[in-house]
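A.B. asks: Handing you a structure now.
The values are calculated or read from the model by the stated rules, or taken from the named source; none is laboratory data. The shown structure was predicted, so the numbers you read here are calculated from the model rather than taken from an experiment. Counting neighbours? That spans all protein chains shown, and the Cβs are built from the backbone with ideal geometry, glycine included. With ligands, DNA and RNA removed, areas are computed over all heavy atoms of the protein, side chains included. Shrake-Rupley method; radii C 1.70, N 1.55, O 1.52, S 1.80 Å.
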Amino acid sequence: AAGDALFTFVPDPLAPAARSLSAATEIRAAEDCVVLSVAAQQGGAVQKGQPVAMVCAREDYRLVINAEEGDVNRFTPGETMLVTFEELDLPPVTAVVEEIGALGSGSEVSLYPVYLTFEVPEGVLLGMHATVEGMAQ
């Protein structure tokens, strides 16, 4: 919820005595949001500019496609695709490719996240599965 603490960090100066809670900075949520992922661990070090978490506003839904390394170059930001939520028996909605992740994951075939934005139909909740159609050839 807006105002809730998201995380606290303490600077890591050369003088260990300077590492204290009084030197800590607490980051609070500016608005109601959902934490999608956390990329830092308690007590771990982070570098300047390093993302520590991915959050989205409750009403800002994004759909994530995991594209195989051989297909990821077939996606283009701004391209539109059709998204269907079969379990809800809703008509397809148009989604726009917003971003393509630069870091793949996987052992044999790397998968890259492709993020789509769309107007959220009533009844669609975070984490629901969808079918996406319209990838360029």
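A.B. asks: Just one of (1) surrounded by 10 or more Cβ atoms within 10 Å (Cβ to Cβ); (2) modelled with pLDDT under 85; (3) outside any strand (DSSP E or B) trips up Lys48, so point out which.
C.D. replies: Going through the list (1) surrounded by 10 or more Cβ atoms within 10 Å (Cβ to Cβ); (2) modelled with pLDDT under 85; (3) outside any strand (DSSP E or B), Lys48 breaks only (1).
A.B. asks: Looking at (1) out of contact with any strand residue (DSSP E or B) (no Cβ under 9 Å at 6 or more places or on another chain); (2) in contact (Cβ under 8 Å) with a residue 24 or more places away in the chain, find the lone condition where Gln47 falls short.
C.D. replies: (2)
A.B. asks: With respect to Arg58, determine if the residue is among the basic types (Lys, Arg) and either out of contact with any strand residue (DSSP E or B) (no Cβ under 8 Å at 6 or more places or on another chain) or more than 30 Å from Val10 (Cα to Cα) (or both).
C.D. replies: No.
A.B. asks: Scan the stretch 23-40 and give yes if some residue there is assigned to a loop (DSSP other than H, G, I, E, B), over 30 Å from Gly104 (Cβ atoms), among the hydroxyl-bearing types (Ser, Thr, Tyr) and out of contact with any Cys (no Cβ under 6 Å at 6 or more places or on another chain), otherwise no.
C.D. replies: Within the stretch 23-40 (the criterion being assigned to a loop (DSSP other than H, G, I, E, B), over 30 Å from Gly104 (Cβ atoms), among the hydroxyl-bearing types (Ser, Thr, Tyr) and out of contact with any Cys (no Cβ under 6 Å at 6 or more places or on another chain)), the answer is no, since none of the residues qualifies.
A.B. asks: Among the residues of the stretch 82-114, write down those that are out of contact with any strand residue (DSSP E or B) (no Cβ under 8 Å at 6 or more places or on another chain) and either hydroxyl-bearing (Ser, Thr, Tyr) or in contact (Cβ under 8 Å) with a residue 60 or more places away in the chain (or both).
C.D. replies: Ser107
A.B. asks: I would also like to ask the following. How about the stretch 59-76: which of its residues are part of a loop (DSSP other than H, G, I, E, B) and open to solvent by 80 Å² or more (accessible area, probe 1.4 Å)?
C.D. replies: If the condition is that a residue be part of a loop (DSSP other than H, G, I, E, B) and open to solvent by 80 Å² or more (accessible area, probe 1.4 Å), then Glu59, Asp60, Glu69 are the ones that fit.
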